1. Considering only the stretch 154-210, how many residues are among the acidic types (Asp, Glu), surrounded by fewer than 23 Cβ atoms within 10 Å (Cβ to Cβ) and closer than 25 Å to residue 129 by Cβ?
2. Hey, can you tell me all the residues within the stretch 176-210 that are in contact with a helix residue (DSSP H, G or I) (Cβ under 9 Å, 6 or more places away or on another chain) and more than 19 Å from residue 63 (Cβ to Cβ)?
3. Sort out which residues of the stretch 115-146 are free of Cβ contacts under 8 Å to residues at least 24 places away in the same chain, part of a helix (DSSP H, G or I) and either among the aromatic types (Phe, Trp, Tyr) or within 17 Å of residue 81 (Cβ to Cβ) (or both), and write them in order of number.
4. Quick test for you: out of 142, 121, 100, pick the one residue that is buried (at least 17 other Cβ atoms within 10 Å of the Cβ), modelled with pLDDT of 95 or more, within 29 Å of residue 35 (Cβ to Cβ) and within 16 Å of the chain's Cα centre (by Cα).
5. Determine which single condition residue 127 fails, assuming it passes every other condition in (1) surrounded by 19 or more Cβ atoms within 10 Å (Cβ to Cβ); (2) of a type outside the set (Gly, Ala, Ser); (3) in contact with a Pro (Cβ under 9 Å, 6 or more places away or on another chain); (4) under 19 Å from residue 78 (Cα atoms).
6. Output the strands (runs of 3 or more DSSP E) that fall wholly within the stretch 33-108 and possess 3 or more residues being touching a Ser or Thr at 6+ places or on another chain (Cβ under 8 Å) and in contact (Cβ under 8 Å) with a residue 24 or more places away in the chain, or say none.
Amino acid sequence: MQIASAPRRLLIPRLALAFVLLLAACGGGSPKLARLPADAVVLAFGDSLTFGLGAQPQESYPARLQALIGRKVVSSGVPGETSDEGLARLGPVLDESKPALVILCHGGNDLLRKLDQRQSAENLRAMVRLARSRGAQVVIVAVPRPTLIPSPVAFYGDVAREYGLAYDEGTLTAILTDTELKSDMVHPNAKGYARLAQSIAALLKKSGAI
């Protein structure tokens, strides 16, 4: 009975993920981005989700994204890093990589440690301002609340709307509700990272960057 019922238990999260990816690829209203030249550098900045914990390095979302968009993607993810630590690290990484676009996927460890979300949001705003001060465009990837059933966190959308940013609101939430796409409660597996890369690539295309 358990084997026969497993597909039904997975049906809803799979449908949710398909719906999110469809919105990312076809939805309207996303802020426009300047087109990235063929030699542009994209910086993927974050924590273990950017590092690719739960999969091999070549299976991380930045590695998959590079193959999808035909631009160099620099992966700069530090497992366990909080947004305070990320903000302190971002400036030197920007100076070294000189990206035309920064993909921010940060704050998950703040949520795990139940840190003040107002401060997490301020740190994210500061990262956006810092990246823009170096001439980079910014995209935000929202990280879900790490509960039994992952749920969206409002401050990602607040920051995106405040700064007029393109952002992926629901893909990680959908991935982390599908047991076939995650390696543990808070990290995708190789298939999950591939789905995340696909969704970000679709967002970049919809926004005009690719």
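The values are calculated or read from the model by the stated rules, or taken from the named source; none is laboratory data. As the structure is a computational prediction, the values presented were derived from the model and not from experiment. Every residue, glycine as well, gets a Cβ built from its backbone with ideal geometry; the counts of neighbours run over all protein chains shown.
1. First pass over the stretch 154-210, keeping only residues among the acidic types (Asp, Glu): 158, 162, 168-169, 178, 180, 184.
Checking the rest, the ones that are also surrounded by fewer than 23 Cβ atoms within 10 Å (Cβ to Cβ) come to 158, 162, 169, 178, 180, 184.
Now drop any that are not closer than 25 Å to residue 129 by Cβ, which leaves 158, 162, 169.
Of the residues in that region, 3 qualify.
2. Of all residues in the stretch 176-210, those in contact with a helix residue (DSSP H, G or I) (Cβ under 9 Å, 6 or more places away or on another chain) come to 176-183, 186-206, 209-210.
Selection gives 176, 177, 178, 179, 180, 186, 206.
3. Passing the criteria: only 122.
4. On the way: 121 fails: within 29 Å of residue 35 (Cβ to Cβ); 100 fails: within 16 Å of the chain's Cα centre (by Cα).
After applying the criteria, what remains is 142.
5. Exception for residue 127: condition (3).
6. The strands (runs of 3 or more DSSP E) meeting that bar are 41-46, 72-77.
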